[in-house]
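Chemist: One structure is given below, represented as structure tokens, and several questions about it will come after.
The values are calculated or read from the model by the stated rules, or taken from the named source; none is laboratory data. Computed from a predicted model, the values in this text were never measured in an experiment. FYI the Cβ positions are ideal-geometry reconstructions off the backbone, even for glycines, and counts take in every protein chain you see. SASA here: full protein model, heavy atoms, side chains in, ligands and nucleic acids out. Shrake-Rupley method; radii C 1.70, N 1.55, O 1.52, S 1.80 Å.
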Amino acid sequence: SDISGPNVSGRPYGSDVKSALQASSGKNYLLVIGINRYRNWNTLHNAVKDCQDLSDVLTREYQFEDDNVITLFNEEATRENILETFEQLQETISPDDNLLIYYAGHGYYDSYSELGYWVPVEARQNKIPDFIRNSTIHDYLRTINTKHTFLIADACYAGSLFATTRGAFEEDQRSRWAFTSGDIEKVWDGQPGQNSPFASQLIRFLHNNRKDKLPANELIDAVGNIVQRITAQTPQGSPLKRAGDDGGIFVFYRK
């Protein structure tokens, strides 16, 4: 269910990123950004729940710790807070660490400029300067100095950011990947109180997986195929162009 106020989970917001990253290197960090209650856009039903449920399965069943989860929900997910969180990750995360980012909220695509955007909580309708351009997010993914960064976005995302998929991936090489719930198209939020179709299949696959090591490309193939069969959406997943990807892959390790 939706939350009634900020940070009810006790996990750190963007302003506390540095304290969340003070542990030793080689850890998995999770940044979840979920917005249901927009000031000027229509309300979404399940974005925050999707973030919470994904965080729960990762911290309960995989090698993610509560102390390394950073949340930006509803009113906390302003343009300034989102960008400041990226800035602080850029300054403090270790080159041996891994970062998983999950965004659930409105997306916007400007067909004239062929540019895609995330929509922060305070953004006005049809005011592009209020949005966060996908290329800005891409630049942060390039400059946050992790071993592996994996962005999952349940919103519109420009497919032009993706690189051509290579045939083999090596975990010891750096990686910069993204997985989106659709291409340049609208995606469904799902029935109130449930999960979006994309989040539902993502969480179910992670829960049902019995492999000790699950490479991100296997998750992308399996979840993408299921979502495409049950919806009109066409999920996209691939390395990112010009983002520092060296042919590596994010791996989910079970506890």
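Chemist: Do you know which residues across the range 226-248 are closer than 27 Å to Ser200 by Cα and either buried (at least 20 other Cβ atoms within 10 Å of the Cβ) or among the small types (Gly, Ala, Ser) (or both)?
Modeler: Val227, Ala232, Gln233, Pro235, Gln236, Gly237, Ser238, Pro239, Leu240, Gly248
Chemist: Of the conditions (1) modelled with pLDDT of 95 or more; (2) within 23 Å of Tyr29 (Cβ to Cβ); (3) part of a loop (DSSP other than H, G, I, E, B), Ser94 satisfies every one except a single condition; which number is it?
Modeler: Going through the list (1) modelled with pLDDT of 95 or more; (2) within 23 Å of Tyr29 (Cβ to Cβ); (3) part of a loop (DSSP other than H, G, I, E, B), Ser94 breaks only (1).
Chemist: Now, a different point. Check the range 65-84 and report whether any residue there is under 19 Å from Phe250 (Cβ atoms), of a type in the set (S, T, N, Q) and either modelled with pLDDT of 95 or more or surrounded by 22 or more Cβ atoms within 10 Å (Cβ to Cβ) (or both).
Modeler: So far as the range 65-84 goes, yes, one or more of its residues are under 19 Å from Phe250 (Cβ atoms), of a type in the set (S, T, N, Q) and either modelled with pLDDT of 95 or more or surrounded by 22 or more Cβ atoms within 10 Å (Cβ to Cβ) (or both).
Chemist: Does the range 100-120 contain at least one residue that is modelled with pLDDT of 90 or more, surrounded by fewer than 19 Cβ atoms within 10 Å (Cβ to Cβ) and on the phi < 0 side of the Ramachandran plot?
Modeler: no
Chemist: Going residue by residue through the range 210-233, is there one that turns out to be in contact (Cβ under 8 Å) with a residue 24 or more places away in the chain and touching a His at 6+ places or on another chain (Cβ under 7 Å)?
Modeler: The answer is no; no qualifying residue exists.
Chemist: Go through (1) more than 25 Å from Arg204 (Cβ to Cβ); (2) among the hydrophobic types (A, V, I, L, M, F, W, C); (3) in contact (Cβ under 8 Å) with a residue 60 or more places away in the chain for Phe86 and report which single condition fails.
Modeler: Going through (1) more than 25 Å from Arg204 (Cβ to Cβ); (2) among the hydrophobic types (A, V, I, L, M, F, W, C); (3) in contact (Cβ under 8 Å) with a residue 60 or more places away in the chain one by one, Phe86 breaks only (3).
Chemist: Then there is this: Select from the range 207-225 the residues that are open to solvent by less than 90 Å² (accessible area, probe 1.4 Å) and part of a strand (DSSP E or B) and write down the one among them that is farthest from Ile249 (Cα to Cα).
Modeler: Filtering first and then ranking leaves Leu214.
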